[in-house]
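Engineer: Encoded as structure tokens, here's the structure I'll be asking about.
The values are calculated or read from the model by the stated rules, or taken from the named source; none is laboratory data. Just so it is clear, the structure is predicted and the values come from calculations on it, not from any experiment. Note: ideal-geometry Cβ built from the backbone for every residue, glycine included; neighbour counts use all protein chains shown.
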Amino acid sequence: MHQLLLLRHAKSSRDDATLPDRDRPLNARGQHAAATMRGAMRRLGLAPDLILVSPSRRTLQTLEALEPWDDTPLTEHVAALYLGNAGQLLAVLHEVAETVRSVLLIGHNPGMHDLALQLAGEDGRAQSDQANRRLMEKYPPGALAEFAVAGPWWQLDAGGGRLVRFLTPRDLKDRTG
């Protein structure tokens, strides 16, 4: 069984209209949300073997907020993840070595949400549990979906993941006050 963690970058700033999209940084709320997600991931024991991250500034800053790791994972900056659609994200995952147990993919919407919906498949849409319902609604900045994946990475396809949990920074704020 493999573990796939899909993390949308935290909230970014649009204060400087002269910055290209790729160079937009996290805003203060995004920095706080990413640090909060780091704490939640640690408490839940979510420690990837491999991190695949878009090369945008906001995704790299989200990754920085998750560090340091107890066991340093291999990290790859993958250009195809920058604003990639679900098919492009899936193609990147198909290239993951079978020996990798857990992957954290840090990217952007709408591709991240579309991929999560695709992995949940029709069975996920039909499920009435709260995590699946919330995933169907939206994938806000800083949100994390954890999937259990039974087959090899190269065979991952629609319906190929079971949603284990879906966390948003707001959920964690509500839990911690």
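Engineer: Tally up the residues in region 67-83 that are within 14 Å of the chain's Cα centre (by Cα) and at pLDDT below 95, please.
Structural biologist: Residues in region 67-83 being within 14 Å of the chain's Cα centre (by Cα) and at pLDDT below 95: 1 in total.
Engineer: Looking at Ala17 and the list (1) surrounded by fewer than 18 Cβ atoms within 10 Å (Cβ to Cβ); (2) of a type in the set (A, V, I, L, M, F, W, C); (3) under 16 Å from the mean Cα position of the chain (by Cα); (4) over 26 Å from Ala120 (Cα atoms), which single condition is not satisfied?
Structural biologist: (3)
Engineer: If you don't mind, another one. Quick one: what pairs do we get from region 22-36, first residue of a type in the set (Lys, Arg), second crowded, with 19+ Cβ neighbours inside 10 Å, C-beta under 6 Å, 6+ apart or different chains?
Structural biologist: Close Cβ pairs satisfying both conditions: Arg22/Ser56; Arg24/Ser12; Arg24/Arg58; Arg29/Lys11.
Engineer: Within the set of pairs 6+ apart or on separate chains, which have a first residue in region 151-168 that is more than 18 Å from Ala131 (Cβ to Cβ), a second that is among the aromatic types (Phe, Trp, Tyr) and modelled with pLDDT of 95 or more, and C-beta atoms under 7 Å apart?
Structural biologist: Once the first residue is more than 18 Å from Ala131 (Cβ to Cβ) and sits in region 151-168, no partner that is among the aromatic types (Phe, Trp, Tyr) and modelled with pLDDT of 95 or more comes close enough.
Engineer: Can you pull out the residues in region 87-112 that are in contact with a Leu (Cβ under 7 Å, 6 or more places away or on another chain) and either farther than 18 Å from Ala148 by Cα or at pLDDT below 95 (or both)?
Structural biologist: Passing the criteria: Gly107, His108, Gly111.
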